[in-house]
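A.B. asks: One structure is given below, represented as structure tokens, and several questions about it will come after.
The values are calculated or read from the model by the stated rules, or taken from the named source; none is laboratory data. What you see is a predicted model, and the numbers here were worked out from it, not measured in a lab. Cβ placement follows ideal geometry from the backbone for every residue including glycine, while neighbour counts extend to all protein chains displayed.
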Amino acid sequence: MRRDVFQAIADPTRRAILMLIASQALTPNALATHFDSSRQAVSKHIKILTECELVKQEQTGREIYYHLNPKKMKEVADWIEPFRQMWESRFSKLDKLLFSMQSKQKPKK
């Protein structure tokens, strides 16, 4: 079953996993030590992230290391970008309005 990237990142545990492997590749056991859930539960989260291509796996000897897939994360960031720009524009307009209102309220001496 093909999973949706946004469904995958909606889960706080999966977002935490992404944050952990953003700086360095980790094994499932190393990842599991950061959570109160079982290793199997963490493995299920990793599987979903792998299916969505948000993480890649690399086998080194007997260990499997998981890396962040920056290309897939960029797709997410690109999708979010217009919304970020819209909100920045709205906040900028609100800042200008509040500054204008504040300037008019200052008592003249």
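A.B. asks: Keeping to region 1-45, report how many residues are under 21 Å from T60 (Cα atoms), of a type in the set (V, I, T) and touching a residue at least 24 places away in the same chain (Cβ under 8 Å).
C.D. replies: Number satisfying all stated conditions: 4.
A.B. asks: Would it be correct to say that K93 is over 24 Å from L31 (Cα atoms), part of a helix (DSSP H, G or I) and basic (K, R)?
C.D. replies: yes
A.B. asks: Now a separate question. Residues in region 73-84: is at least one acidic (D, E) and touching a residue at least 12 places away in the same chain (Cβ under 8 Å)?
C.D. replies: Yes, region 73-84 contains a residue that is acidic (D, E) and touching a residue at least 12 places away in the same chain (Cβ under 8 Å).
A.B. asks: Count, please, the residues in region 49-102 that happen to be aliphatic (A, V, I, L, M) and loosely packed, with under 10 Cβ neighbours inside 10 Å.
C.D. replies: 1
A.B. asks: Here is a further query. State whether the residues of region 29-43 include one that is within 10 Å of the chain's Cα centre (by Cα) and either within 21 Å of E75 (Cα to Cα) or at pLDDT below 95 (or both).
C.D. replies: Scanning region 29-43, I find no residue that is within 10 Å of the chain's Cα centre (by Cα) and either within 21 Å of E75 (Cα to Cα) or at pLDDT below 95 (or both), so the answer is no.
A.B. asks: A further question on this structure: Answer yes or no as to whether I80 is touching an Asp or Glu at 6+ places or on another chain (Cβ under 8 Å), among the aliphatic types (A, V, I, L, M) and more than 12 Å from I9 (Cα to Cα).
C.D. replies: When the stated conditions are applied, I80 does not pass them.
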